[in-house]
Structures are given as C-alpha cells and as structure tokens.
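Have a look at the structure below before the remarks.
The values are calculated or read from the model by the stated rules, or taken from the named source; none is laboratory data. Just so you know, these numbers come straight off a predicted model, no measurement behind them. Cβ atoms come from the backbone with ideal geometry, glycine included; neighbour counts cover every protein chain shown. Please note that ligands, DNA and RNA were not included when accessible areas were found on the heavy atoms of the full protein model with its side chains. Shrake-Rupley method; radii C 1.70, N 1.55, O 1.52, S 1.80 Å.
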Amino acid sequence: MHIQIQCCGIILMLVLFYFYVHQKRISLDTQKAFLGVFGATFFCIIIDIVSIGAIEYRHVLTEPIAKFVAKTYLVTLLGVALSALSYMCVDIYTKREVYQKQMRVYRLMTLAGVVGIYAAPLYYHYTNNGADVKYTYGPSVYVTYGMALIFFVRIVYLLRKEKVKINTRRKEAVYLWLFIWIVASQIQFMYTDILIVAYAGAIGIMVLYLKLENPETNLDRSTGLFNSGAFYQYTRQLFAKKEDFAMLAIIFENTAYQHVSLNKRETIRMQIVEYLLKIQDAYSFKNAEDEYLIVFSNMETADKRVEEIRRRFASGWGEYNGDTVKPCWLYLPHANIVNQAEILLYLIRYIRHDEKTFTEKDFYCVEKDSVEKIHREREVVQLLLDAMENNRVEVFYQPIFSTSEHSITSAEALVRIRDSEGKIVPPGAFIDTAEKNGMILRLGAIVFEKVCEFITKYPLDRYGMQYIEINLSVIQCGYENLAQDYIDIMESHKIDPKYINLEITESASTNAKKTLLSNMEDLMQYGVRFSLDDFGTGQSNLNYIVDMPVDIIKFDKSMTNSYFENGKAKHVMEAAIHMIHGMNLEIVSEGIETKEQYQTMEDLGISHIQGYYFSKPLPEEEFIRFLEDSLHGNENKSLP
Ligand code: C2E
Ligand code: CA
Ligand code: CA
C-alpha cells in the first residue's frame with residue numbers, strides 16, 4: 001500500500017486552505033458548512049495515511065489496534081458524507097429549527113453506522129504470499145459503503161425535490177462532487193490497489209471551492225467591498241435566523257459630488273471606499289454603482305457607528321478634507337421590520353424613487369409605516385400580475401345620458417380586477433401602483449382590447465350607442481408607441497374608430513406634452529376622438545382646452561358638487577360652460593346622483609350626464625341588459 005496519492009490530496013487541500021483564509025470573507029452559514037466538509041475530508045485523508053501505516057506495522061501494533069485504525073478511516077468516510085448532507089441542508093432549510101431537526105436524524109444514522117463499522121469484522125486481502133496487505137474488505141467496509149450510499153441518495157433526492165431553493169451553480173457543483181466520489185470508489189472497487197477515494201475527496205473539495213465557496217465571488221472587483229450577491233446571501237441568512245440588524249444605505253445621487261471638482265472625484269471616491277472598508281462591527285457592500293449598504297449585526301453599536309460615519313462625511317474629503325460629498329442616507333435601525341432580503345432591496349428602490357422623500361431631507365430613517373405601505377404595494381403588484389395573467393381584468397360600463405337625445409348614447413369603460421376569491425377590486429386600489437411601476441401600459445392595453453371585443457360582440461348601433469369612452473393614464477399618454485399599439489388592436493378587431501373616445505387628463509399634457517400630442521395626432525388621423533377628463537380638479541386652465549384637440553370636456557364630480565354648495569363656484573362653472581360651448585365642445589357632467597342635480601345640469605345646457613342617478617358602472621352583460629331595458633322603456637324608471 002502506498003501513500004503518495006494521499007499526500008497529493010493533502011497538499012492540494014493545504015493550498016486551497018491558504019487561499020481560503022487569506023481572503024476577505026463574510027460570515028455565512030453555508031461557508032461554515034463548507035468548512036465542515038473541508039475538515040471532514042482533510043481528516044479522512046490523514047486517517048487514511050495513518051491506517052495504511054497501522055496495517056503496515058500491524059505486527060508491532062497488534063492486529064486489533066491496526067484494524068481499529070482501519071475502521072476509523074471508514075468512519076471518517078461516513079463523516080464526509082454526513083458533512084456533505086449538512087452542507088446541502090444549510091442551504092435548503094434556512095429555518096434553524098428545521099435544519100437542526102433534519103441533522104439530528106442524520107447524526108443518529110451516522111452513529112448507528114459507526115457502531116456497525118466497529119462491530120462488524122474486517123478482513124485483509126494479502127499479496128506476496130501473505131506478506132503484504134493489498135486492501136481491506138468484509139462487512140465493516142460494506143456497512144460504510146451502504147451508509148454512504150444512503151446519504152448520497154438522500155443528497156440527490158434533496159437536490160431534485162428542493163430544486164427551486166437551490167441555485168443552478170450549487171446544484172452543478174454538488175452533482176460534480178458526488179460524481180467524483182462515486183467514480184473514485186468504483187475505480188477503487190475494480191482496481192483494488194489504486195487507493196484514490198480520499199484523494200478524490202480533495203478534488204471534490206476543490207470543485208466546491210472553485211464553483212461555490214471561493215470568497216472572491218462575494219467581492220466587488222473594483223472596490224474590494226462585498227458585492228450585492230453577498231448582501232443578498234447574508235441578509236437572507238439573518239432574516240432566516242430572525243436576527244435583528246441595522247442597515248445604512250449611502251446613496252450617491254448626481255448631486256452628491258456637485259461640490260467636488262471633476263478631476264478630484266475619482267480620488268475621493270476611492271478614499272470613501274477605503275473608509276467604508278474599515279468600518280468596525282459591520283460589513284460594507286457595494287450594491288450598485290452609486291449605492292453602498294452597511295449592515296450592522298451588533299445592534300448596540302449600530303446607532304453610534306452611523307453617527308460616526310455621518311460625522312466622517314461631514315468633515316470632508318480630499319487632501320485637506322476640504323471637499324464635501326453629500327450623499328443621501330437611508331437608515332433602518334431595525335431591518336427586521338421587513339422579513340425578506342428581496343423586500344429590503346425593494347424598499348431601498350422604492351424609497352429612492354420616491355423623490356419626495358429625498359428632496360425633503362437627506363437623512364431618512366425608515367419606520368414601520370413606510371414598510372407597511374410598501375408591503376401593501378407589493379400585494380397590489382401581485383394582485384395585478386395575477387389578474388393580468390389569469391384573465392381576471394374586467395371592464396365595467398357606466399352609461400352616459402344625452403340630454404338632447406333623451407337616451408343613453410355612450411358609456412365610460414372602467415376597469416375592475418377580480419381577485420382570486422372572486423371579489424371585485426375597484427381601480428382606486430391599483431391604478432396608482434400600476435402607474436408607478438409601469439404596469440399600467442399592459443393593463444391599459446388589456447382594457448382597450450376588451451372594449452374592442454365588446455364593441456364587436458354587441459350591436460351597439462341598435463342600442464343607440466355612439467361610442468365608448470376609455471381612460472388613458474398619464475403614463476400611457478407619454479408612451480411613444482401608444483398610438484401604434486392601439487391602432488394595431490383596433491385593426492386586429494376590425495373596429496370602426498368612431499366607436500372610440502379616449503379620455504386624457506390635464507396632468508398628462510404637462511408631463512409629456514410632445515409625446516401626448518403626437519400620439520393624439522396619429523390616433524385622430526385614424527379616426528379616434530378625445531375627451532378631457534377631470535375638468536375642475538387640477539388647475540383647470542382654460543387655455544389648456546384651447547391647446548388640446550379634444551371634443552368633450554368632462555366635469556369632475558367635485559366641480560358639479562361645489563356648484564350646489566358654493567355661490568362663487570356657480571359663476572365659475574357657468575362661465576366655463578359658456579366658454580366651452582363657445583368653442584363648440586361638448587360637456588359630460590360626472591357624478592350626478594339625484595334628480596335635482598340632473599335637472600340643474602340639463603337646465604345649464606349640459607349635453608351629457610353620467611352618474612349613479614342613471615346607473616353605477618355595470619358588468620358587460622348587465623350593461624347590455626340595461627341598454628335593452630332602456631330601449632324598450634321597460635322597468636327603467638330612472639330615465640327621465
Ligand atoms: P374617472 O375617470 O373620473 O371615473 C369616474 C369615477 O367616478 C368612476 O369610479 C365611477 O364609478 C365614479 N362615479 C361615477 N358616477 C358617480 C356618482 O354618481 N357618484 C360617485 N360617488 N361616483 C361616481 P371608478 O370606476 O372607481 O374609477 C376611478 C378612477 O379610476 C377613474 O376616475 C379613473 O381615473 C380610473 N380608472 C378607471 N378605469 C380606468 C382605466 O381603464 N384606465 C385608467 N388609466 N384609469 C382608470
Ligand atoms: Ca374617466
Ligand atoms: Ca372623471
């Protein structure tokens with residue numbers, strides 16, 4: 001028996017260990033578990049050598065001692081398998097209790113294996129007419145292989161069952177590790193004089209190290225700080241352990257370096273990074289080009305450290321500390337008010353994009369209520385995504401009455417979402433969020449498509465319906481492809497554009513006027529018409545109406561209401577009506593709920609009335625029934 005191969009394994013592992021300890025590391029449970037596998041493998045190789053020696057000198061040591069050592073080597077093989085299983089479980093069972101429970105079972109199994117190995121007999125296979133031992137065999141070896149096999153099968157089972165929890169890299173690495181072990185033991189089984197199992201263990205460690213555990217993969221190359229992947233792993237672990245921690249985000253917006261001359265910026269940036277690298281009781285991460293995150297796991301010193309850091313920034317940078325850099329600060333004294341790494345990152349994004357927060361003050365402490373708001377918003381996003389994917393976006397129609405024709409001649413399409421329990425969610429609950437994250441583009445297109453389907457499905461002309469009004473969000477108005485998208489939808493449904501009237505609001509024009517006007521131009525050329533919604537809510541700039549190529553002005557409910565409450569408002573509204581009529585535009589009065597309100601609006605010469613007085617927004621089929629009823633004059637007493 002020779003020990004050269006084992007010695008190679010030891011050298012390989014020592015080299016890896018040297019690299020491992022000389023790198024900046026973050027305290028991760030997976031890394032600890034990796035060290036477990038490393039230690040078990042290293043020990044296994046050492047004992048392998050010792051046992052070869054013991055067998056060699058069995059005449060001196062006595063047979064039982066030599067066999068005891070040889071069996072100990074078998075036990076260490078089990079140790080490697082157990083440590084590998086633990087390494088897998090740390091990643092899968094982030095909850096400490098579940099992990100511990102699993103490991104308890106495996107440890108018990110290992111213990112049974114150890115007892116079996118020592119209890120079962122072990123035989124030598126001799127060569128040279130009994131002078132040399134070539135290899136060992138017998139029940140003790142079979143117990144080892146059997147147990148190891150059980151653990152390996154369990155690892156494969158976990159890899160397959162929990163595949164969503166394990167990233168692909170880890171899966172590949174562990175499969176490769178298993179493959180190396182299995183191939184090596186097969187070779188050793190077939191060519192009994194090649195003792196390579198322990199060496200294969202060292203190679204396996206190298207695979208894990210290179211693919212998964214190289215601490216360098218957690219570092220940001222340009223700064224030497226930890227990177228965003230490390231941040232994610234580390235905070236995920238803290239959340240799983242339910243440990244509270246504090247986090248400071250230092251955000252360098254464009255304005256941060258405005259007091260520093262351009263040629264000095266890079267030097268100062270490096271100076272800041274140097275400083276961040278040295279902060280005590282904390283890990284510093286570079287999360288994005290302009291964003292650094294500092295995690296304090298020691299809650300007692302966190303506040304103090306944050307103060308120190310801010311003081312350091314206030315004292316200036318550069319050669320004579322004369323240059324001030326003004327980042328924005330976002331501090332979470334208790335980061336466990338959120339419960340997931342993803343939400344923590346989302347929260348930073350969210351607060352960063354909520355410009356109001358940062359222009360008001362440069363130091364922002366995140367409290368529980370802002371987190372709750374974000375939670376609610378995330379729920380809404382989920383609701384929206386779910387609804388859009390599962391065809392649970394619905395369109396309700398609210399009839400609009402024409403005072404001149406004394407019948408319903410149009411309707412407004414209003415979006416609704418049906419949640420997973422079948423309850424209707426009104427737009428007030430999700431439009432803002434959808435606008436904020438851009439989902440409104442998809443939602444708006446879905447609504448438009450549904451309205452087009454509705455128009456082709458029913459004989460609107462027969463009901464005296466002239467067109468459907470559809471809301472356009474500010475975001476849609478500023479979207480360059482809107483006109484083309486909508487024209488494509490109308491073409492695909494072969495819709496006559498005369499049935500379409502799009503409602504825009506005043507805020508749409510101030511934001512992205514150029515895009516809006518070009519969208520409007522294209523759509524109008526195609527035959528679509530426009531209304532101006534919510535008149536009377538914003539600045540209600542009358543000049544604005546002059547600029548905008550709309551056919552209809554929609555008076556907001558608040559405007560009609562104040563007409564009845566306030567003397568001055570009366571005059572304003574009358575003047576507005578006069579002017580709008582002078583421009584040959586039509587008016588829709590919204591939010592009309594009573595007969596009296598209706599009568600007043602009709603007397604004022606308003607051509608169209610919308611409101612609960614006629615009907616609330618109705619689901620498609622109910623709306624059609626409503627139209628049929630009003631056409632036949634049946635039962636519908638509300639039509640004047
Ligand atoms: P809006 O465009 O001003 O729509 C009129 C809102 O007033 C509707 O609320 C309607 O149900 C309500 N309403 C109508 N008559 C009365 C009344 O007599 N009394 C009272 N109290 N309310 C009345 P809804 O359906 O909840 O929609 C709210 C807002 O959501 C809409 O205001 C609109 O800004 C937005 N929205 C609705 N559907 C869409 C859509 O498809 N796309 C976009 N971008 N926004 C939409
Ligand atoms: Ca509207
Ligand atoms: Ca409106």
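Details
- Top-ranked residue in segment 536-568 [being at pLDDT 90 or above and under 18 Å from Tyr598 (Cα atoms); ranked as farthest from ligand 2 (Cβ to nearest atom)]: Ser558
- In segment 88-126, residue farthest from Tyr142 (Cα to Cα) [restricted to those that are in contact (Cβ under 8 Å) with a residue 60 or more places away in the chain and open to solvent by less than 60 Å² (accessible area, probe 1.4 Å)]: Thr94
- Count of residues meeting criterion [within 16 Å of ligand 3 (Cβ to nearest atom) and open to solvent by 10 Å² or more (accessible area, probe 1.4 Å)] in segment 396-415: 4
- Residues of segment 430-444 that turn out to be at pLDDT below 95, open to solvent by 50 Å² or more (accessible area, probe 1.4 Å), away from ligand 3 (no atom under 16 Å from the Cβ) and in a helix (DSSP H, G or I), as a count: 1
- Scanning segment 571-590 for residues that are of a type in the set (Gly, Ala, Ser) and assigned to a helix (DSSP H, G or I) yields Ala575, Ala576, Gly582.
- Unmet requirement for Glu503, which otherwise passes all of (1) assigned to a helix (DSSP H, G or I); (2) within 16 Å of ligand 3 (Cβ to nearest atom): (1)
- Looking only at segment 416-429, and only at residues there that are open to solvent by less than 70 Å² (accessible area, probe 1.4 Å) and within 23 Å of Phe530 (Cα to Cα), the one that is nearest to ligand 2 (Cβ to nearest atom): Pro427
- Note on segment 603-627: residues that are open to solvent by 70 Å² or more (accessible area, probe 1.4 Å), under 21 Å from Tyr467 (Cβ atoms) and not in a loop (DSSP other than H, G, I, E, B) amount to 3.
- Some residue of segment 470-483 being in a strand (DSSP E or B) and surrounded by 19 or more Cβ atoms within 10 Å (Cβ to Cβ): yes
- Scanning segment 485-499 finds no residues that are within 14 Å of ligand 2 (Cβ to nearest atom), closer than 28 Å to Thr433 by Cβ and buried (at least 16 other Cβ atoms within 10 Å of the Cβ).
- Of all residues in segment 550-602 being within 15 Å of ligand 3 (Cβ to nearest atom) and of a type in the set (Asp, Glu), the one that is surrounded by the most Cβ atoms within 10 Å (Cβ to Cβ): Glu590
- Of all the listed residues (Cys44, Cys7), the sole one being surrounded by 22 or more Cβ atoms within 10 Å (Cβ to Cβ), touching a residue at least 12 places away in the same chain (Cβ under 8 Å) and either among the hydroxyl-bearing types (Ser, Thr, Tyr) or assigned to a helix (DSSP H, G or I) (or both) is Cys44.
- For segment 156-172, the tally of residues that are open to solvent by 100 Å² or more (accessible area, probe 1.4 Å) and closer than 16 Å to Ile182 by Cβ stands at 1.
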